[in-house]
Amino acid sequence: MIQITLPDNSRREFPGPVSVTEVAQSIGAGLAKATVAGKIDGKLVDACDLIDHDARLQIITPKDPDGLEIIRHSCAHLVGHAVKQLYPTARMVIGPVIEEGFYYDIAYERPFTPEDMAAIEQRMRALIAQDYDVIKKVTPRAEVIKVFQSRGEDYKLRLIDDMPDERAMGLYYHQEYVDMCRGPHVPNTRFLKAFKLTKLAGAYWRGDARNEQLQRIYGTAWADKKQLEEYIQRIEEAEKRDHRKLGKALDLFHIDDVSPGVVFWHPRGWAIWQELEQYMRQVYKNTGYQEVKAPQILDKSLWEKTGHWQNYRENMFVTESEKRDYALKPMNCPGHVLIFKSDLRSYRDLPIRYGEFGQCHRNEPSGGLHGIMRVRGFTQDDGHIFCTEDQILQECVDYTAQLQKVYTDFGFTDIIYKVATRPEHRVGADALWDKAEHACMEALRRSGVQFVISPGDGAFYGPKIEYTLKDAIGRQWQCGTIQVDFNMAERLGAEYVTESSDRAHPVMLHRAIIGSMERFIGMLIEHHAGAMPVWLAPVQVAVLNITDAQADYAESVAKTLQNRGIRTVLDIHNEKITYKIRKHSLQKLPYILVVGDQEREAGAVAVRGRGNVDLGVLPLTVFSDRIADDIRSKR
């Protein structure tokens, strides 16, 4: 007899090997119909897979996160089925799951068009309507090679070559179409109805621009039609908030091919940058950080010591001078270590906290660049804390409180907390890892927040806390982090004098609250849909006159506000007031002040809030006090 234990600890017995679907049938026909896959002793398997030993089983349905991921992966295979029917000479490459969707890379003699994508989606729906079963066959390697040789699928053969130790592989049959995958996949196409193809793009084989270009078809899939419709609405809203569109419309920045992946900041965009930088500079001062500045270009020998030259060189910009090799720094950490070790430090000096608005460069693939969200040249609010093992906990507690205050001021109130623990391959003694992981978890407990554990996702040099923000439309952005590093200070020879007059290596805490300044500004633009909070807005007030008779008064109003440090523009052009109001409203300014004869005589202003909200006529002193208070309190 085989005993199956279910999540509620109830048990069912079967006389011999039993499939996941058969277990579900023994519970109820409704559950069997909803079964997408199973999880046997924690491992995902297909619904048709047999259980031949006593085991714990979770039956996976579309309501489960694993079930949704399986649906998306199966939809990628369905793309392949439809494409091969419509374009028989197309060669299939890979079709992985991505966040909220999937894609399939395809080699074809011409670029696909939007009309092609519509035809592919239509054919996919026709295939789903056939309600056919997806058949899994575990197949010997030699036979798998023959299958794809006979079909002319040379990319599949290359993938097989990449897996020399695989003696058998899973083949999944969608009627006449076959694809190779570890699975699991849905047992029937009826699970795939809530899908939509979303866009076309180019991609390179293995992500390398030196290789041949492929066609990439993106799509999304959900458990039901309601979830799909909600997603589509969210995407439509995200498109309206796209920082690239808003950056152009609001005249904030641009990207030019003369310097790919590096931002040209316009005056208004740079005003946001400066506000952000000065805010973070004050955070440094308030929390015991000393601001430093390390060089941009550092000798190859330093990067060899850190391991970057051996493992990361292809992502670094390198140069040469007087027969010496250098690299533009991809990170700020080594520079801070050199500043630390430039003098003899005592345990009494610790913790030492350095902060830098450090500009870094990374040679990201051109296909991965995305507006100001992913660039090659970026600046971080980078900080490093050099401390003892016993100081890790308090530093993590203080950092979390610091981070929460910052995010609240920028309008982010929903934070997801995660502790990433030791990976299999790591440096440092287990006792030290125990202490560091405890410090990360205890810091979040003392902060009164719920958190999840991400087993094995820590860096090889230490565990970390990750802080993920939810924006106004529910998207998640992994942003802040604090990482415990037992490795770098030792590799670069940083030491301090202990209480017993010995020498020891400090623990190094890598922390960033906003991370890349460019990416964070992009997040802010999209979170606020370009309508920045008053204190961050590049222009906080526009002053408009109705006729030339109020031009002098409008100038004096603008001057009064500017003298109080309020970012103000003056528009006394000879244009209709309705036109001027609309023009500045489209710039999403917090306030527009209109002055006519009555306002001039009363020393007042007619105030319009963002969204064309009439706030009435106020004395100029009252308005200026009000906006100054808004800015000061970061409302």
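The values are calculated or read from the model by the stated rules, or taken from the named source; none is laboratory data. Note that the structure is a prediction, hence the values are computed from the model and not measured. Cβ sites come from the backbone with ideal geometry, for glycine too, and all protein chains shown count toward neighbours. SASA here: full protein model, heavy atoms, side chains in, ligands and nucleic acids out. Shrake-Rupley method; radii C 1.70, N 1.55, O 1.52, S 1.80 Å.
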³J(HN,Hα) across the stretch 565-570 via Karplus (A = 6.51, B = -1.76, C = 1.60, θ = phi - 60°), whole Hz, x for Gly/Pro? x, 8, 6, 10, 10, 10
Sorted from largest down, what three extents in whole angstroms do the Cα atoms of the stretch 23-107 have along their principal axes? 46, 24, 24
What Kirkwood Rh does the stretch 578-635 have if only Cα atoms enter the pairwise 1/r average? Answer in Å. 12.0 Å
Once R0 is set to 30 Å, what does the formula 1/(1 + (r/R0)^6) return for the Cβ-Cβ distance between Asp208 and Glu424, expressed as a FRET efficiency to the nearest 0.05? 0.60
Calculate the all-directions average of the projected area of the stretch 158-269's alpha-carbon convex hull, and give it in nm². 11.4 nm²
Cα→Cβ-extended label distance, 7 Å offset, between Lys293 and Ala504, nm: 3.5 nm
Cα-based Rg and Dmax for the stretch 43-195, in Å, come out at 15.7, 53
First obtain the Kirkwood hydrodynamic radius of the stretch 188-252 from its Cα pairs, then insert it into the Stokes-Einstein equation at 10 °C and 1.306 mPa s, and state the resulting D in µm² per second as a whole number. 109 µm²/s
In 5 Å bins starting at 0, how do the alpha-carbon pair distances of the stretch 350-410 split up by percent? 4, 13, 17, 17, 16, 15, 12, 6, 1
Using 1/(1 + (r/R0)^6) with R0 = 60 angstrom and r between the beta carbons of Gln598 and His266, what's the FRET efficiency to the nearest 0.05? 0.95
Please report how far the C-alpha centroid of the stretch 186-215 lies from that of the stretch 404-424, rounded to the nearest whole angstrom. 32 Å
If I compute solvent accessible area with a 1.4 Å probe over the protein chains, what percent of it on the chain is carbon and sulfur? 49 percent
For a bin width of 5 Å, list the pair-distance distribution of the stretch 479-635 built from all Cα-Cα distances, rounded to whole %. 2, 8, 14, 16, 13, 8, 6, 5, 5, 5, 5, 4, 4, 3, 1, 0
Quickly work out the Ile145-to-Thr413 label distance, labels modelled 7 Å from Cα along the C-beta direction, and quote it in nm with one decimal. 6.2 nm
Summing -39500 (n - 2.57) over every DSSP H run of at least 4 residues in the chain and dividing by its residue count gives a helix-only mean residue ellipticity at 222 nm, to the nearest 500 deg cm²/dmol, of -11000 deg cm²/dmol
Solution diffusion estimate, µm²/s, Stokes-Einstein, the stretch 517-572, Kirkwood Rh from C-alpha pairs, 10 °C, viscosity 1.306 mPa s: 125 µm²/s
Suppose all protein chains stay in the model; what accessible area per residue would a 1.4 Å probe give for the chain, in Å²? 47 Å²
With the cut-off at 1.5 for a/c, could you classify the stretch 268-407 from its C-alpha gyration tensor as rounded, prolate or oblate? oblate
Considering the convex hull of the alpha carbon atoms of the chain, report its projected area averaged over all viewing directions, in nm², one decimal. 37.1 nm²
What pairs from Lys33/Lys156; Lys285/Lys559; Lys199/Lys588; Lys39/Lys193 go past 26 Å between their alpha carbons? Lys33/Lys156; Lys285/Lys559; Lys199/Lys588
Extension gain from Gln227 to Tyr108, taking 0.36 nm per residue of separation minus the Cα-Cα distance: 39.6 nm
How far apart, in nanometres, would the label points at Glu389 and Glu320 be if each is projected 7 angstrom from Cα along the Cα-to-Cβ direction? 4.6 nm
P(r) of the stretch 1-68 over all Cα-Cα pairs, 5 Å bins starting at 0, rounded to whole percent, reads 4, 20, 32, 29, 12, 3, 0
C-alpha center-to-center spacing [the stretch 118-164, the stretch 503-519] in angstrom: 46 Å
Extension gain (nm, one decimal) between Val138 and Phe14, 0.36 nm per residue minus Cα-Cα: 42.2 nm
Expressed as a whole number of Å, what is the distance separating the alpha-carbon centroids of the stretch 21-55 and the stretch 592-635? 66 Å
Excluding Tyr177 itself, what net charge comes from residues whose Cβ is under 10 Å from its Cβ, given Lys and Arg +1 and Asp and Glu -1? 0
The stretch 418-503 -> Rg/Rh from Cα coords, Kirkwood Rh, value 1.07
As an exercise, use a Förster radius of 30 Å and the Cβ-Cβ distance of Asp251 and Gln282 to find the FRET efficiency, rounded to the nearest 0.05. 0.65
At q = 0.19, 0.25, 0.31 Å⁻¹, what base-10 log of I(q)/I(0) does the Debye formula yield for the stretch 418-467 when every alpha carbon is treated as an equal point scatterer in vacuo? -0.54, -0.87, -1.20
Could you work out how much longer the chain between Asp165 and Ala238 gets when fully extended? Use 0.36 nm per residue separation minus the Cα distance between them, nm to one decimal. 21.9 nm
Using only C-alpha positions, report the orientation-averaged shadow area of the convex hull of the stretch 342-476, nm², one decimal. 10.9 nm²
